[in-house]
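A short worksheet on the structure shown next.
Read the figures in this text as sums done on the coordinates, not as results from a lab. Keep in mind the model is a prediction, meaning the values are calculated, not measured. Don't worry about glycine lacking a Cβ; one is built from the backbone with ideal geometry, like all the others, and counts go over all protein chains shown.
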Amino acid sequence: MKKNQLRRIVIKVGSNVLSRKDGGLDITRMSSLVDQVTELRQMGIEVIIVSSGAMASGFGEVKALKKLDSVEQRQLFSAVGQAKLINRYYELFREHHIVVGQVLTTKESFGTRGHYLNQKSCMSIMLENDVIPIVNENDTISVTELMFTDNDELSGLIAAMMDAQLLVILSNIDGIYNGDPNDPESTVLREIGPEMKLEEYIKGGKSSFGRGGMLTKTRIARKVAEEGIAVIIANGRRERILPRLIECLNGGEDLPFTRFTPSETSISSIKKWIAHSEGFAKGEIHLNKVATAMLADEFAMSILPVGITAVIGEFEKDDIVRVIGCDGRMIGVGRVSCSKKQVEAEMGKHGKKPMIHYDYLFVDSNI
């Protein structure tokens, strides 16, 4: 990567980076990250921060009058903590004469194209006016079934939406290892391509303070890389990790981290939205063997009625649906051009218009 080639990056700061062992907010670490982002800005790089830490920030600030369930705890501590967290960022960045703005979002806000574009417009205006967007999920109104898996998923959506060239996911380890990270014989996998199998290396456990784990990070990283955006998983507790990463990418020092190789073929903005919309699918369209094989071979095609064998769920024109192969596995996501009723009336027939046009179909090669 040539010097100053990076124009815009998204940095996801995980809970385990910002939290102390007692669950509170690590202000020293937060201050260091602000200093590092300032360095990136001086290199001419636009930065968007997706920050966890609201729960940690609110931890211990208020004593509940009754026993709370997990959702109530999240709502209470996040409501208090989010105000404290953004104020900390505001004060720390102000020392560098940098203005920040808060963007609180929910999974529902990505469910329709209109809401998606409104968010993109808001953050674009912030960047144009030299304001750093600090993004987090609005845990005060999100409930379990409508929540992001964690901020890794959110950061992937933001990177795709804002046409970033690089997504950096800061965790509390150096990357993905070829064994147990606690085993001194294990080493960090430096480069991961689309064909590399990782199941044997990655455990499904969750982090201490966050909702996700390395399995989630890997799934999101692969999807984002397939969209043409490079993804790095690195240790956010290493000193000056962010500017050192940029120096390393420019041919400087050797630093342990895992990089997911981006696809050389970028995809359109609407396909990026569709790629991350599987959670909003209203139904399923099942394909026969021929159509499944063509999509598996990455053949550029639309979904025609003749290749459809079954329809599940209730959907209308322009809704998102899952595309299911003949073996029952999901192979893609798309926006339908008609209602379920019309699909049922025309499936299996020749000479009909596409039910999902190629321009509105994302085939996930990692599924």
Using a Förster distance of 25 Å, the FRET efficiency for residue 288-residue 195 (Cβ separation, nearest 0.05): 0.40
Which entries of 120/217; 21/67; 12/63; 282/340; 217/282 show an alpha-carbon separation above 19 angstrom in the structure shown? 120/217; 21/67; 12/63; 217/282
Helix 27-42 sits at what angle to the longest principal axis of the chain, using alpha carbons and giving 0 to 90 degrees rounded to 10? 70
Taking R0 as 51 Å, what's the FRET efficiency between residue 341 and residue 186 from their Cβ-Cβ distance, rounded to 0.05? 0.40
Test of understanding: what is the full-extension gain from residue 280 to residue 240, defined as 0.36 nm times their sequence separation minus their Cα-Cα distance? 10.6 nm
Rounded to the nearest 0.05, FRET efficiency between residue 314 and residue 120 (Cβ-Cβ, R0 35 Å) equals 0.75
Cα atoms only, segment 224-319: Rg and Dmax in Å? 19.9, 58
Given charges of +1 on the Cβ of Lys and Arg and -1 on the Cβ of Asp and Glu, with all other atoms neutral, how large is the dipole of segment 1-61 about its Cα centre, in debye to the nearest 20? 400
Among 351, 250, 220, the residue whose Cα sits farthest towards the positive end of the charge dipole of segment 209-367 (+1 at Cβ of Lys and Arg, -1 at Cβ of Asp and Glu, taken about the Cα centre) is 220
Given 0.36 nm per residue, what is the gain on full extension from residue 73 to residue 35 after removing their alpha carbon distance, in nm? 10.5 nm
Grab the Cα-Cα distance for residue 329 and residue 7, subtract it from 0.36 nm times how many residues apart they are, and report the gain in nm with one decimal. 112.2 nm
CD proxy, 222 nm, the chain: helix-only mean residue ellipticity via -39,500 (n - 2.57) per DSSP H run with n ≥ 4, per residue, nearest 500, stands at -10000 deg cm²/dmol
Helix axis angle, 214-226 relative to the chain longest principal axis, alpha carbon, degrees: 60
Among 222, 329, 240, which one shows the highest mean-square fluctuation when the chain is modelled as a Gaussian network with alpha-carbon springs under 10 Å? 329
Can you quote the Å³ per residue value for the convex hull of the Cα atoms in the chain, rounded to an integer? 146
